[in-house]
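The values are calculated or read from the model by the stated rules, or taken from the named source; none is laboratory data. Because the structure is a prediction, the values reported are computed rather than measured. With ideal geometry, Cβ positions are generated from the backbone for all residues, glycine too; neighbour counts draw on all protein chains shown. To get the accessible areas, we keep the full protein, side chains included, count just its heavy atoms, and leave off ligands, DNA and RNA. Shrake-Rupley method; radii C 1.70, N 1.55, O 1.52, S 1.80 Å.
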Amino acid sequence: MQRLILFGSAVRAAAAGSGGLHASYFPSTRHASVSRTLSQDQPTNNTGHFRCYSLPHRTLINVSGQDIYPFLQGIITNDMTLLAEDVCAMYAHMLNVQGRTLYDIIIYSLKENPNGFNGVLLECDNIVQESIMRLLKVYKIRRKVNISLCPSLSLWALLPWNKDAVLGKSKPDVTAADKVLVLEQDPRTELMGWRMITSCQDNLHEIVSACRRGNTEEYHRHRYEIGLPEGVGDLPPGEALPLESNLVYMQGISFSKGCYIGQELTARTHHTGVIRKRLMPVTMSAPAENLDQGAALETEGGRPAGKYRAGIDKLGLGLIRLAHAKESLKLKSSDDMTVTLQATVPDWWPKNTEDK
């Protein structure tokens, strides 16, 4: 786990020179909001306490066999050789030939697993699980790999109560290790806590001590509050560009590995260093339920400023033109009302030393 944290830090440092924005570039209210969200109703002695969320919107696919690493190496943005060594969880995108994101995935290593599973587990949006299965089978060709869904497994997100735990200083206390296949820090950002995969569908208290179950809507609210995309709602298949979606910031891409599908445009964009739009957290003057995904954003002066993506309550994500990111933005709601939005820079983005 220590290797994984250091790897993520190194990538974030490298990303600072590739379109990174200093936190002072935007109004900075996000960190205080996150602290409030994670501390609501927390116990008096909160060290090691976690709020646990079932993730029914995500599904798991088991990929096993002797060719899994070269097989996945050619179709994901990240470097499978890291997972073959001592990194246990990895974020990545699967792209189309035009270099646009099809699916966001998390891959978990199952080395020395006693539960009958082997190879890796691939986490994805359950809406597109059949599409991913078909895509994997298309590229399988003659490789020795087996691909199957895992309906018997249960996926959880564990978010700590306090800031110190969020920053990786506390780990969930597992009391039934034989029922846990995976317990790893979320590879995208430490602010997303831990990912847990178990063979137990319920009775969470039998597995993790000092854990209180939360509802999935609260998990999504936390994601939007810190500005982290997940699934086809936030990353529309065939539309989203990986670098505009902050894939570098989430340790989800390697620029030194061999060829993979969609690499050419992605590598060219990275090496030019020009990223004019980014997926950013926004706060809105009206609930997200009244907003259409893909609605055009404008400045107060009527200039194009990006697109609204998705959200919950008054929190959401927008693909924002960086030239207008500090301005108050607006869009028309489904009932023809004008809604204002304000973008902020997430705390987990790398700091640009040039802005100091």
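Side notes on the structure shown:
- Looking at Ala305, Ala288, just one residue is of a type in the set (Gly, Ala, Ser), surrounded by fewer than 23 Cβ atoms within 10 Å (Cβ to Cβ) and out of contact with any Phe, Trp or Tyr (no Cβ under 6 Å at 6 or more places or on another chain), and that residue is Ala288.
- Taking residues in segment 86-102 that are of a type in the set (Lys, Arg), and partners anywhere that are surrounded by fewer than 20 Cβ atoms within 10 Å (Cβ to Cβ) and part of a loop (DSSP other than H, G, I, E, B), the pairs with Cβ atoms closer than 6 Å and at least 6 places apart or on different chains are Arg100/Gly238.
- Residue list for segment 317-331, filter: crowded, with 19+ Cβ neighbours inside 10 Å and either in contact with a helix residue (DSSP H, G or I) (Cβ under 7 Å, 6 or more places away or on another chain) or under 15 Å from Leu243 (Cα atoms) (or both): Leu317, Gly318, Leu319, Ile320, Arg321
- Qualifying residue in segment 208-218 (condition: open to solvent by less than 10 Å² (accessible area, probe 1.4 Å) and out of contact with any Pro (no Cβ under 9 Å at 6 or more places or on another chain)): no
- Test: residue in segment 64-71 that is modelled with pLDDT of 55 or more, crowded, with 18+ Cβ neighbours inside 10 Å, in a helix (DSSP H, G or I) and not β-branched (Val, Ile, Thr): yes
- Qualifying residue in segment 113-134 (condition: of a type in the set (D, E, K, R), open to solvent by less than 30 Å² (accessible area, probe 1.4 Å) and not in a strand (DSSP E or B)): no
- Residue match in segment 266-285 (condition: under 30 Å from Gly74 (Cβ atoms), open to solvent by less than 20 Å² (accessible area, probe 1.4 Å) and free of Cβ contacts under 8 Å to residues at least 60 places away in the same chain): yes
- Qualifying residue in segment 144-158 (condition: in contact with a Pro (Cβ under 8 Å, 6 or more places away or on another chain), crowded, with 22+ Cβ neighbours inside 10 Å and not small (Gly, Ala, Ser)): yes
- Being of a type in the set (A, V, I, L, M) and at pLDDT 95 or above is a property that Val34 lacks.
- Of the criteria (1) in contact (Cβ under 8 Å) with a residue 40 or more places away in the chain; (2) aliphatic (A, V, I, L, M); (3) surrounded by fewer than 16 Cβ atoms within 10 Å (Cβ to Cβ), which one Ala296 fails: (1)
- Candidates are the residues of segment 332-356 that are over 26 Å from the mean Cα position of the chain (by Cα) and hydrophobic (A, V, I, L, M, F, W, C); the one that is least open to solvent (accessible area, probe 1.4 Å) is Val339.
- Check on Val232, open to solvent by less than 30 Å² (accessible area, probe 1.4 Å) and either under 15 Å from the mean Cα position of the chain (by Cα) or over 19 Å from Asp104 (Cα atoms) (or both): no
- Any chance Leu82 is open to solvent by less than 10 Å² (accessible area, probe 1.4 Å) and assigned to a helix (DSSP H, G or I): no
- Search result, residues across segment 327-344 that are modelled with pLDDT under 95 and in a loop (DSSP other than H, G, I, E, B): Ser333, Ser334, Asp335, Asp336, Met337
- Sole exception among (1) part of a loop (DSSP other than H, G, I, E, B); (2) free of Cβ contacts under 8 Å to residues at least 24 places away in the same chain for Lys137, by number: (1)
- Residue in segment 125-136 that is within 22 Å of Leu241 (Cβ to Cβ) and among the small types (Gly, Ala, Ser) present: yes
- Scan of segment 265-291 for residues that are under 22 Å from Glu217 (Cβ atoms) and either more than 23 Å from the chain's Cα centre (by Cα) or charged (D, E, K, R) (or both), ordered by number: Ser285, Ala286, Glu289, Asn290
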